[in-house]
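Written out below as structure tokens is the structure these notes cover.
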Amino acid sequence: MKRFVFDLDGTLLTGSFDFEHEYFKTVYKDEAGRLFDKMGEYLDEYERTYPRYSNDTLAYFLTTKSGLVFNDKIINGWCDAMSVVPDKIEDNIFELLEHLKSKDCSLAVLTNWYGKTQIPRLEKAGMLDYFDEVYTGDMVLKPHKKSYLMAMDRFAKEECVFIGDNVDKDYIGPRACGMESVLYDKNNDHHESLVKVKNMRELIKKY
């Protein structure tokens, strides 16, 4: 394999979403808890409906769904707040990245959130320089086919592997485009029939 594409959240880094809740509390006060509880559902629907994130479209969508007012300023503040979350680096990820680089593999990130949040997080973690490209949600969104084709770049689908923790977006989606995929399932939550690993070191042995 020549091209390895990684999801970010839950695969490379795991952030504290308490920061997100705190930001919502500064904006929406008593409604913040209700919004926070539903936000995952809202964003999942958005990502399946629209090809990328844009402030105008997201603000309209979330205002319609939640009944709370979203606008450009609020979304930008949300992105800024999330760019400095305390992140946990997933175990053995640097060991894996070094291994793949030593084999002259091309590495990329495909993540479903804004670049102005995700790129600073990768940089702060000391991880950004390992990747040739970072494709973010304001460019293209999983599980749309275009996202996986973009992440393949110049490589043939048979030369590419996708690694991530979400079954639909990181496992099924790439496979529907002809890419190999491996589910990062560190808590062993998913069926044994899936091609998966619990630890990044397993990928060093595999590739």
- Here are some residues: TYR23, TYR60. Which one is among the aromatic types (Phe, Trp, Tyr), over 30 Å from MET200 (Cβ atoms) and surrounded by fewer than 17 Cβ atoms within 10 Å (Cβ to Cβ)? TYR60
- Note on the structure: Going through the range 46-57 in order, the residues found to be in contact (Cβ under 8 Å) with a residue 24 or more places away in the chain, surrounded by fewer than 18 Cβ atoms within 10 Å (Cβ to Cβ) and outside any loop (DSSP other than H, G, I, E, B) are ARG48
- Query: With respect to the numbered conditions (1) modelled with pLDDT under 95; (2) surrounded by 19 or more Cβ atoms within 10 Å (Cβ to Cβ), which one is the sole condition not fulfilled by SER16?
  - Reply: (2)
- Which condition number does PHE70 fail, the rest of (1) outside the structural domain of TYR130 (by TED's automatic domain parsing); (2) assigned to a helix (DSSP H, G or I) being met? (2)
- Message: Cβ-Cβ under 7 Å, sequence separation 6+ or interchain: first residue in the range 61-75 and within 19 Å of GLU41 (Cβ to Cβ), partner outside any helix (DSSP H, G or I) and β-branched (Val, Ile, Thr). Which pairs?
- Response: THR63/VAL69
- Mind checking which strands (runs of 3 or more DSSP E) fall wholly inside the range 90-193 and carry at least 1 residues that are within 24 Å of LYS206 (Cα to Cα) and without any contact (Cβ under 8 Å) to a residue 60 or more places away in the chain? 133-135, 180-184
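The values are calculated or read from the model by the stated rules, or taken from the named source; none is laboratory data. Nothing here was measured: the structure is a model prediction, and the numbers come from that model. Quick reminder, even Gly has a Cβ in these numbers, built from the backbone with ideal geometry, and neighbours come from all protein chains shown.
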